[in-house]
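Remarks on the structure that follows.
Read-outs: derived from the displayed coordinates by stated rules, not from any lab. Bear in mind the structure is a predicted one, so any value in this text is a computation, not a measurement. For neighbour counting, all protein chains shown are included, and Cβ atoms are generated from backbone atoms with ideal geometry for every residue, glycine included.
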Amino acid sequence: MAQLPPGIRFIVSFSRDQWYRAFIFILTFLLYASFHLSRKPISIVKGELHSYCTASNDGKVRFSSQSQKARDAPAYQLPDNGTDCGWAPFDQENYQQLLGALDYSFLCAYAVGMYLRGEARWEPTHAPGVLLTRQTVLRWLLLARGSMHGGIIGERLPIRYYLTFGMLASGAFTALFGVGYFYNIHSFGFYVITQIINGLVQTTGWPSVVTCLGNWFGKGRRGLIMGVWNSHTSVGNILGSLIAGYWVSTCWGLSFIVPGAIVAAMGILCFLFLIEHPKDIACSSSPAMHPRGCENGAHRFRPQKPVPAEKSLDPEMQRLLLSDGKHSGHQNHVVILPADGGGGMAAISFTGALKIPGVIEFSLCLLFAKLVSYTFLFWLPLYITNVDHLDVKKAGELSTLFDVGGIFGGILAGVISDRLEKRASTCGLMLLLAAPTLYTFSSISKMGLEATIAMLLLSGALVSGPYALITTAVSADLGTHKSLKGNSHALATVTAIIDGTGSVGAALGPLLAGLISPSGWNNVFYMLMFADACALLFLIRLIHKELSCPGSATGDQVPFKEH
């Protein structure tokens, strides 16, 4: 028998389980990268919405791009004899405040929406082929009503539907911002409303992809796996910068329409291919627990255990069933519950999630860490334009180096935290180094392009490392805390709380940058350094607890290892 080709031997060396897990890893990576791809254009286009051009000798304005030909307001003279050629209403002297308000509109809506989302899951209580009983219908109604409790909306829809809707809606509203260019729209309210709605619909993304990834991967090497996976943030920012930069100087409307179309297209791929849980295709829930991987039989679902209907109902459900005078114990049908632990448990409440040790500290730390990260995300290209005197396109391309550094920072944070088994200490160390790095950046970035490149890479690694670690591995650790006793509903709720709190900082950072930058960019960097110090301060207790009792910060006595 002839020997199999090397490529085929490589393919068959992996189990069906491993191939599915790799597929979900790549798919969720691309899905959330497309969300960040759609957030980046506004930072690239800022320099074009308020740009300058010189007046010619005959007194006529020489426009630097096609976008200024629709400008209605007369130009005002600048001290350096430049003439404003921006896009109304961003062509006024208060343009930094207006641009900051756009960022704040998107990010504030995102923060509020994240608190309202909770867990985007719907778990039917019957398997295919089981008759739909009155208990089942009432249970769905109770779940729908109960999901409004605790200050969060637990939308129990399949992640695939929920995420698809969010991506299609986000694509539409991202493109709508760019439509303002083609229809010559100069209403500030139009752009603000577009940003607000886009911020709300984008909250469908993060809890969904983190929950899906958490379903497929166990705790082993979680820091490394999620550190690599979380580079989707930087990859999306880089692609968004390059795509938006390609059209920014000629037709900035396409800088939004093209990314919007990409997000919508990825939403269609999500609908066609996303698998929420390994059990949906009879795969193992953890790589270590079931080395043989997926079942190869014809049955699609794992065995389910029947439970008498009255035993599976909560007291409120029992009262509803008894309200018509009939006893629930004599039903002919049974409710089928998932076999794996926690699948039938109620979603954790908002206050219940806050009681998990470490959730409050990491949430407040992320508030300030994300403030720094998103200030760079939305204002870095404009800063480079002003300091290094580059055009909008080149400044956008150069700003991608911050995200390149962020890729390495996220992976490095994951590897270190896995090796040391100390999440909080790893974040604290990077935050401690980030503050002086930001001061150095503000000092030497004015010395030339080479200094700017070096500091962009280093700052990106130190700023993005803690942010990446908290939003992925730390959130997953806390969402599967031992105090939850296997409640599988908690992960998305905890993730939404942590990232929602962080998004408050993400909303404040760009807004403060817009208000402070007119007094000088150095003051913006002082604000960022203060935020880093605050982020570190909130981790002091957890760091001390980790050093005195390893593994205690996230509640595991032997964290991040297979059991």
Full-extension gain in nm, LEU354 to ILE193, via 0.36 nm per residue minus C-alpha separation: 54.8 nm
Computed label-point distance, nm, for sites VAL387 and TYR161 using a 7 Å Cα→Cβ extension: 4.9
Cα convex hull of the stretch 192-287 - mean projected area over all directions, nm²: 7.6
Paramagnetic label zone (point 7 Å from Cα along Cα-to-C-beta, VAL179; backbone N under 20 Å) in the stretch 228-256: 251-256
Inter-label distance for ALA454 and ARG16, nm, one decimal - labels placed 7 Å from Cα along Cα-to-Cβ: 5.5
Other-chain or far-sequence residues with amide H under 5 Å of GLY86's (modelled H): SER51
Estimated FRET transfer efficiency (MET447, THR250; beta-carbon r; R0 41 Å; 0.05): 0.80
Under Karplus coefficients 6.51, -1.76 and 1.60, residue-wise ³J(HN,Hα) of the stretch 380-388 in Hz, glycine/proline x: 4, x, 5, 4, 5, 4, 6, 7, 9
Peptides ranked, highest mean first, by Cβ atoms within 10 Å: ranges 516-525, 502-511: 502-511, 516-525
Protection proxy ranking, peptides 21-29, 388-396, average beta carbon neighbours within 10 Å, highest first: 388-396, 21-29
Integer Hz, Karplus 6.51/-1.76/1.60 couplings in order for the stretch 19-36, x for Gly and Pro: 5, 5, 5, 5, 5, 5, 4, 5, 5, 5, 4, 5, 4, 7, 4, 5, 4, 5
Mean-position separation - Cα centroids, the stretch 35-51 and the stretch 179-219, in angstrom: 14
Residues in the stretch 16-30 reached by a label modelled at ASP280 [backbone nitrogen below 13 Å; 7 Å Cα→Cβ]: 21, 24-25, 27-28
